[in-house]
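Quick notes on the structure that follows.
Each value in this text was obtained by applying a stated rule to the coordinates, not by laboratory testing. From a predicted model like this one, the values you see are computed outputs, not experimental measurements. Glycine also receives a Cβ, built like all others from the backbone with ideal geometry; neighbour counts cover every protein chain displayed.
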Amino acid sequence: MKGQTVAVLESRLGAQIVELIAKRGGKPLHAPALSEIPDIDPGFIAELVADWSAAPVKTAIFQTGVGTRALFKVTDELGLSGKLLELLAASTVVVRGPKPTGALNSRGVHIDLSATEPYTTTEVIAQLKTLQLAGERVVVQRYGGKNPELETWLQAQGASVLEIPVYRWAMPADTEPLANLLAALAQREVAAVVVTSASQVHNLFDFAATQGVTTLAADLNASIVVSIGPVCSAALLHHGVIVKIEASPPKLGPLINALDAALS
């Protein structure tokens, strides 16, 4: 990467991405644009399990690995994990991608339907189309925000949706790195920007607005914007940002390889 500056917006896996960029000869600028805040209520989970026991759920949809693990952590503390496993065994279990798959496999949960790459809501819905959902109850493990596309589709099929909130996305407590990134982008000091979620994009533009920065789209377009996948790319396009590289498949390894090739 020839010592060029590469901005990284990822928080949870940010250190890993920073290390990979440094190993390829890049100069990482880590500016987390997203914070995951636990948002799971043990009382709600206890009521959910009781309700699920009284009125069976046709389908359970798991969207993230971190959310799936958070759910089981709470049921472990409540002594309800055994009951949850029984309920899942009697339901059709649908996963969005490899991360929730891994989390469920670690608990011995059978998986009936798996979204294909690039693991977006479109692929989840494609799997759900094989099911009869009219009049059925569907549990959806929510990620950091609501998934209105999935919820609207399920309701259109006549299903009743029960959401499990486990965490929510917010702005990082320390926004100084973001402010430094905005300044570096404005000075054209950033060769590339790595974006790994749509929420990072929305948060970055929201933060820029609070700082009175109105040129963010143009500043990003002056660099090589690298997206992890189509959902992330759609968020960038919404804000007028041109995606120069989209990882294919939407994984970290192909993203770093494509970035390395572009900068080298």
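Close Lys pairs in the chain, defined as Cα atoms under 25 Å apart and 8 or more places apart or on different chains, number 22.
The calculated 222 nm mean residue ellipticity attributable to helices in the chain amounts to -13500 deg cm²/dmol, summing -39500 (n - 2.57) over DSSP H runs of n ≥ 4 and dividing by all residues. Sequence-distant contacts, meaning Cα pairs under 8 Å at least 6 residues apart, place the relative contact order of the range 38-169 at 30 percent. Averaging the sequence gap over all C-alpha pairs within less than 8 Å and six or more residues apart, then dividing by the number of residues, gives the chain a relative contact order of 22 percent. Relative to the longest principal axis of the Cα atoms of the chain, the long axis of helix 176-186 lies at roughly 50 degrees. Taking 0.36 nm per residue of sequence separation and removing the Cα-Cα distance, the ALA209/ASP112 pair yields an extension gain of 30.5 nm. Each of the peptides 56-62, 87-93, 68-74 was scored by the mean count of other Cβ atoms within 10 Å over its residues; in descending order, highest first, they stand as 56-62, 68-74, 87-93.
Within the set of other residues whose C-beta is less than 15 Å from the C-beta of GLY3, count the net charge using Lys and Arg as +1 and Asp and Glu as -1. Once positives and negatives cancel, what remains is +2. Here the 3J(HN,Hα) profile of the range 221-228, calculated from phi with Karplus coefficients 6.51, -1.76 and 1.60 at θ = phi - 60°, is 5, 7, 10, 8, 8, 10, 10, 6 Hz, Gly and Pro shown as x. When DSSP beta bridges are restricted to pairs lying wholly in the chain, around 10% turn out antiparallel. About its Cα centre, the dipole of the range 38-169 is roughly 180 debye, where the only charges are +1 on Lys and Arg Cβ and -1 on Asp and Glu Cβ. The packing ranking of peptides 190-199, 134-143, 35-44, highest mean first, is 190-199, 134-143, 35-44, where packing means the average number of other beta carbon atoms within 10 angstrom of each residue. Where both bridge residues fall in the range 38-169, DSSP classifies roughly 5% of the beta bridges as antiparallel.
Please give the length that would be gained between ALA134 and GLN16 if that part of the chain were fully extended, namely 0.36 nm times their separation in residues minus their C-alpha to C-alpha distance (nm, one decimal). Mind showing how you got there, number by number?
Working: separation 118, 0.36 × 118 = 42.48 nm, distance 4.36 nm.
Extra length available between ALA134 and GLN16 comes to 38.1 nm.
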